[in-house]
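Q: Before I ask anything, here is the structure I am working with.
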Amino acid sequence: MKIRITDRDHITGLRSLAANIMSLAAGLLAISLIFLLNKVNPIFAISEIFSGSFGSMYGFKETITKAIPLILIGSGLTLAFRAKFWNIGAEGQLLMGAVFSSWIGLNIGPHLPSYLIVPLMFLAGFIGGALWGIIPAILKIRYSINEVICTLMLNYICAEFLTMLIVGPWKGKTRFGFPGTDNLPESAILGLIPGSRIHYATLILALVSAVILTILIYKTRFGYEARVVGENPDAGKYAGIDFLKTSMILMAISGGLAGFAGVGEMAGIHKYLGYPASLSSGYGFTAIIVAWLAKLNPLYAIFSGIFFAGILVGGDAIQISLGLPAATVEIVNGTLLVFLIMGDYFLKHKVTIQFSKQTQGAS
Amino acid sequence: MKKIQRLEMVDISKSFHGIPANKNINLHVESGEVLGLLGENGAGKTTLMNILYGLYQPDSGDIRINGKNIRIHNPLESISHGIGMVHQHFMLVQNHSVIENIALGYKDTPFFFPKVSIRKKVEAFSKEFNFSIDFEKKIWQLSAGEQQRVEIIKALLNGADVLILDEPTSVLTPQEIAELFSILEAMKKNGHMIIFISHKLDEITQICDRVTVLKKGEIVGHADTSDTDKKALARMMVGRDVIFNINKEKIERGKKVLTVDRVNILGDKGNMAVKDISFSLYRNEIFGIAGVAGNGQRELAETITGIREAESGEILISDKDITNKSPRHIYDEGVSHVPEERIRFGIAPGLHLYDNAILKQHHLDKFSKRMFIRYPRVKDHAKALVKDFKVAAHTINTEIKNLSGGNIQKLILGRETSDQPALLVASHPTYGLDVGATEYLRKQLLDLRRQGSAILLFSEDLEEIFELCDRVAVIFDGEFTGILDADDPRLCDIGMLMAGTKRIDIQDTP
Ligand SMILES: Nc1ncnc2c1ncn2[C@@H]1O[C@H](COP(=O)(O)OP(=O)(O)OP(=O)(O)O)[C@@H](O)[C@H]1O
Ligand SMILES: [Mg+2]
């Protein structure tokens, strides 16, 4: 038997779509195996996942709710990843957005009407996320510090900082000693689509961001510079592109959008600043897969965001109905990512396995 | 006795996205023979050799070794069949030593102590073919010629009977070319067969036994080098007579454009690469800097264009200080730049051709309005460049990396000369260009000169220097060993000036 790897030189859009669909299918197959090992009927479990997320009105509303942060962060990441800035820190940027906006909501909220305080909170959230994103940009360009490690570590710093706030100075009087701030005043809480948890202001923001980002990447000077830097940093230098400025802007946008997501989760779902783990169930990391599946195109991130939100929701559903452990969703997500990356490999290379003996042996 | 006595490519066709790059190609090489492959930029030479090396699959056709059909699916297989290829852009690990790189590419490297077991073999090889190389040096410390020798050793050690060399001489100094040729002669005697791609007709006639000429993917002729000459080959290739010597008219030089005043520049290895160099350059003048590669040319070009910082000294463009200003600032003062390493600096490989047509110019008003790039204009500009410089590209939407090496160079040249720059800094502008394109470029440079540009030309090609330049400086070890008018009789000693064994007192008339 012989395994043979050949580069493919024709990659069409259709092929690439087919590769994605096939890798998702193969991923689901692998997940089935895991279910089997856990003595769960895989067909039942997988159909549960999708009927739980897309099959019912309730499930679908939940899916859209969870898609909001994924689309926001995912589309921001497409920009960063295009410039080969590996932002693994969206989780921290989200939390920073929540911290900034909750301060505004709690302190200024009581004195202002909704139509003023909500935009103010989003602004604060964007600034919070952006600042937390700009730090690694400066460290990378000025001091050549690896951004993967830097953004990853900043996640923990931010989570601990937030925890410190809610057990310390910001601890609410109405919490009876439990960690967390007081509830936001009524005016600072985001409106929901009736009968759901969909905070529509953030949803609109997410869709608009994805569209604007698409224009930004493909039509503007800044997008051009980001793509050149990502393709070939030396050419970027030759072309007189200011790396510091470009990286700071793109991380401000990527971080700021994660900050928006933080505002949405805090003011739309929880209505106060609580523990980091409850504020975000790993959206910053799941969004990496969202951006990847979207082939780094922010517009596609809308669809891949909804898809992965569906898996989150469906995963929760089977966790309850089939009594599976909490890690189930992460296993499903992780497996799908691995298969998507493999799919990418098979898209670019042709692998053939030959069973019969070669006619002309290589001596 | 070699494993491969005869190698044939039979009826090979290959197209990309429906556009043929090779059409029904037939060729053969025999043991002890050097076959030259000649053809215009984009004719399909590299594609054909990539098929032989297993990087591409042919759409149809066969490859035969000693008369037997074989299929080559990837480079590993072609290596095991005894075919080796040295690409124009070397594929070595920069921070590893020579011996480590060789061990890395060797098929029978043992898992433990790889260097020890390989060293003996390598030493035997270098004796046989007269390689001189320090095996403990890191790759980044080597010159281009030495790196190429490492690639050749890698191929030979893997038992390559057939060696493919894709434009091997364009990065070499004349001395290194001579050394390469003596290695090739030794291999020939040994029964190896070599396929040699080059645009330099002199080299083809010197080293090759036979030559095959490609045009637009098809074979248009074969010849024995013993009964053909440069002119005939050029005619076969381009389809018309090519003028090898152009006469430049005398023009009074104009105002001063560039002043370089006692500039010192650090090289990558922390050494002083450029030492106290001063000169000036005027409108309507082409100023050549001749010298063996690695004597400070690259650093000087990079500093003038803002990619590298000067340690001390001053650089002025029309009396404005541009020392250590940003590349964009310097571009806006009218300085354009054809970089030495075109793939490394000149393009963003995965972007469209039209995106690359405005690299470094995208911020200009004509290509962007407020924050938006004016893509309709950009595309028109790209189309014009492709037309004027005869860039062989199917559409301007293609990713630039799909263009052939010479066509990428043409696009960069078009881009950098299109704007009537005040100063054009051009490093080896004709590298990789076919004879027709070379002729066109030289005319273009002379046109720019007539229209009032100043041109700083770095080249190792003395013929080019003498043909184009008004004044010539010779650089050795970071210093000028002479600045002379191009018709100064003392330039007959240019070889000694380049080797640093002679100096002529510099009087740069300001
Ligand atoms: N991967 C690819 N995708 C699409 N087109 C390609 C690809 N590789 C080569 N081509 C096209 O095939 C043609 C032949 O290219 P090739 O690189 O073989 O030319 P060449 O003879 O080596 O030219 P040069 O002298 O400039 O190196 C060119 O028109 C090129 O654009
Ligand atoms: Mg080529």
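The values are calculated or read from the model by the stated rules, or taken from the named source; none is laboratory data. Fair warning: this is a prediction, and the values are worked out from it, not measured in the lab. Cβ coordinates were reconstructed from backbone atoms using ideal geometry, including for glycine residues, and neighbour counts include every protein chain displayed. Just so you know, the surface numbers come from the protein's heavy atoms only, side chains and all, with ligands and any DNA or RNA stripped out. Shrake-Rupley method; radii C 1.70, N 1.55, O 1.52, S 1.80 Å.
Q: Kindly provide the helix-only [θ] at 222 nm of chain A, computed as the sum of -39,500 (n - 2.57) over DSSP H runs of four or more divided by all residues, to the nearest 500 deg cm²/dmol? Please list the in-between numbers first.
A: Working: 14 runs with 247 residues, N = 363.
It comes out at -23000 deg cm²/dmol, rounded to the nearest 500.
Q: Ignoring ligands, DNA and RNA, what percent of the accessible area of chain B is carbon or sulfur (1.4 Å)? Mind showing how you got there, number by number?
A: Working: 10590 of 20980 Å².
The value for chain B is 50 percent carbon and sulfur by accessible area.
Q: Need the C-alpha centroid separation for the range A:1-80 versus the range A:132-157, integer Å.
A: About 30 Å separates the Cα centre of the range A:1-80 from the one of the range A:132-157.
Q: Could I ask something else about it? For chain A, with a Gaussian network of springs between Cα atoms less than 10 Å apart, report the residue from A:PRO298, A:PRO113, A:PRO185 with the top mean-square fluctuation.
A: It is A:PRO113.
Q: Counting only helical runs of four or more DSSP H residues, what would the 222 nm mean residue ellipticity of chain B come to if each run contributes -39,500 (n - 2.57) and the total is spread over all its residues? Could you put the intermediate results ahead of the total?
A: Numbers: 16 runs with 159 residues, N = 510.
Per the formula, -9000 deg cm²/dmol.
Q: To the nearest whole number, what is the average tally of beta carbon atoms from other chains within 10 Å of the beta carbons of peptide A:207-220? Mind showing how you got there, number by number?
A: Numbers: counts 0, 0, 0, 0, 0, 0, 0, 0, 2, 2, 0, 2, 5, 5.
Neighbouring Cβ atoms belonging to other protein chains average 1 per residue here.
Q: Please state the charge dipole magnitude for the range B:6-238, taken about the Cα centre, from unit charges on C-beta atoms (+1 on K and R, -1 on D and E), reported in debye and rounded to the nearest 20. Show your work: numbers first, answer last.
A: Details: 26 positive and 29 negative charges, 69 e Å.
In debye, rounded to 20, the range B:6-238 gives about 340.
Q: Compute for chains B and A the buried accessible surface, both sides summed, probe 1.4 Å, and express it in Å² to the nearest 100. If you can, show how the numbers build up before the last one.
A: Numbers: alone 22450 and 17950 Å², together 37210 Å².
Summing both sides, the interface buries roughly 3200 Å².
Q: Shifting gears a bit: Relative to the present Cα-Cα distance, how much length would full extension add between B:GLU249 and B:LYS320 at 0.36 nm per residue of separation?
A: 22.5 nm
Q: If you wrap a convex hull around the Cα atoms of the range A:67-323, how much volume per residue is inside, in Å³?
A: Numbers: hull volume 34.2 nm³, N = 257.
In the range A:67-323, the Cα hull volume divided by residue count equals 133 Å³.
Q: If you don't mind, there's one more thing I want to ask. Can you give me the Cα centroid spacing of the range B:457-498 and the range B:302-325 in angstrom?
A: Value for the Cα centre distance between the two parts: 23 Å.
Q: Taking DSSP loops as anything outside H, G, I, E and B, show the longest stretch in chain B free of chymotrypsin sites (Phe, Trp or Tyr not before Pro) there with at most 11 other beta carbons within 10 Å.
A: Working: sites that count: B:PHE111, B:PHE112.
Between the exposed loop sites, the longest stretch runs B:113-510.
Q: Now for a different question. Kindly provide the GluC sites (Glu not before Pro) of the range B:276-312 that DSSP labels as loop, not H, G, I, E or B, and whose Cβ sees at most 15 other Cβ atoms within 10 Å. Walk me through the numbers on the way to the answer.
A: Values: sites: B:GLU285, B:GLU299, B:GLU302, B:GLU309, B:GLU311; in loops: B:GLU309, B:GLU311.
Within the range B:276-312, the qualifying GluC sites (Glu not before Pro) (loop, at most 15 other Cβ atoms within 10 Å) are B:GLU309, B:GLU311.
Q: For chain A, find the longest principal axis of its Cα atoms and tell me its angle to the long axis of helix A:90-107, 0 to 90°, nearest 10.
A: 10
Q: For the range B:6-238, divide the Cα radius of gyration by the Kirkwood radius and give the resulting Rg/Rh value with two decimals. Walk me through the intermediate numbers first.
A: Numbers: Rg = 17.6 Å, Rh = 18.2 Å.
That ratio equals 0.97.
Q: For the protein assembly as shown, what is the accessible area per residue in Å² when the probe is 1.4 Å?
A: Working: 37210 Å² over 873 residues.
It amounts to 43 Å² per residue over the protein assembly as shown.
Q: Further question: Let me spell out the model: positive unit charges on the Cβ of Lys and Arg, negative unit charges on the Cβ of Asp and Glu, origin at the Cα centre of the protein assembly as shown. What dipole size does that give, in debye rounded to 20?
A: Numbers: 91 positive and 88 negative charges, 492 e Å.
Dipole about the Cα centre, nearest 20: 2360 debye.
Q: So for chain B, what percent of the C-alpha to C-alpha distances run longer than 34 Å? Could the numbers behind the result be given before it?
A: Values: 52075 of 129795 pairs.
Looking at chain B, the distances longer than 34 Å represent 40 percent of pairs.
Q: Summarise the partner chain shielding of A:224-236 as one whole number: the mean count of Cβ atoms from other chains within 10 Å of each residue's Cβ. If you can, show how the numbers build up before the last one.
A: Details: counts 13, 2, 0, 4, 9, 1, 3, 10, 10, 1, 9, 12, 5.
Taking the mean over all residues of the peptide, I get 6.
Q: Among the complete DSSP H segments of chain B, which ones combine at least 24 Å of alpha-carbon extent along their axis with a mean Kyte-Doolittle hydropathy of 1.6 or more?
A: Working: long enough: none.
Once both thresholds are applied, nothing remains.
Q: Using a Cα-Cα cut-off of under 15 Å, which aspartates and glutamates could be cross-linked to B:LYS320, ignoring same-chain neighbours fewer than 8 residues away?
A: B:ASP261, B:ASP332, B:GLU333
Q: What average number of partner chain Cβ atoms lie no more than 10 Å from the Cβ of the residues making up A:237-249?
A: Values: counts 7, 16, 13, 16, 7, 3, 0, 0, 0, 0, 0, 0, 0.
Mean inter-chain Cβ contacts per residue within 10 Å come to 5.
Q: Scan chain A and hand back the longest stretch that contains none of the chymotrypsin sites (Phe, Trp or Tyr not before Pro) lying in DSSP loops with at most 16 other Cβ atoms within 10 Å. Please report the intermediate quantities before stating the final value.
A: Values: sites that count: A:PHE176, A:PHE355.
No qualifying site falls inside A:177-354, the longest such stretch.
Q: Could you work out how far the C-alpha centroid of the range B:231-273 sits from that of the range B:1-63, in angstrom?
A: A separation of 34 Å, based on Cα centres.
Q: In what sequence, highest mean first, do B:183-192, B:63-72 appear when ranked by Cβ atoms within 10 angstrom?
A: Numbers: B:183-192: 17.0, B:63-72: 15.3.
With the highest mean Cβ count within 10 Å placed first, the list reads B:183-192, B:63-72.
Q: Identify all aspartates and glutamates with a Cα-Cα distance to B:LYS115 below 16 Å; exclude those on the same chain that are fewer than 8 residues away in sequence.
A: Within the straight-line limit of under 16 Å, B:LYS115 reaches these aspartates and glutamates: B:GLU100, B:GLU123, B:ASP134, B:GLU136.
Q: Which one, A:LEU299, A:LEU77, A:LEU139, has the greatest fluctuation when you compute a Gaussian network model over chain A with C-alpha springs under 10 angstrom?
A: Residue with maximal mean-square fluctuation among A:LEU299, A:LEU77, A:LEU139: A:LEU139.
Q: Using modelled amide H (1.01 Å from N, peptide plane; none on Pro or chain starts), what sits under 5 Å from the amide H of B:ASP59, excluding residues fewer than 5 places away?
A: B:SER13, B:LYS14, B:SER15
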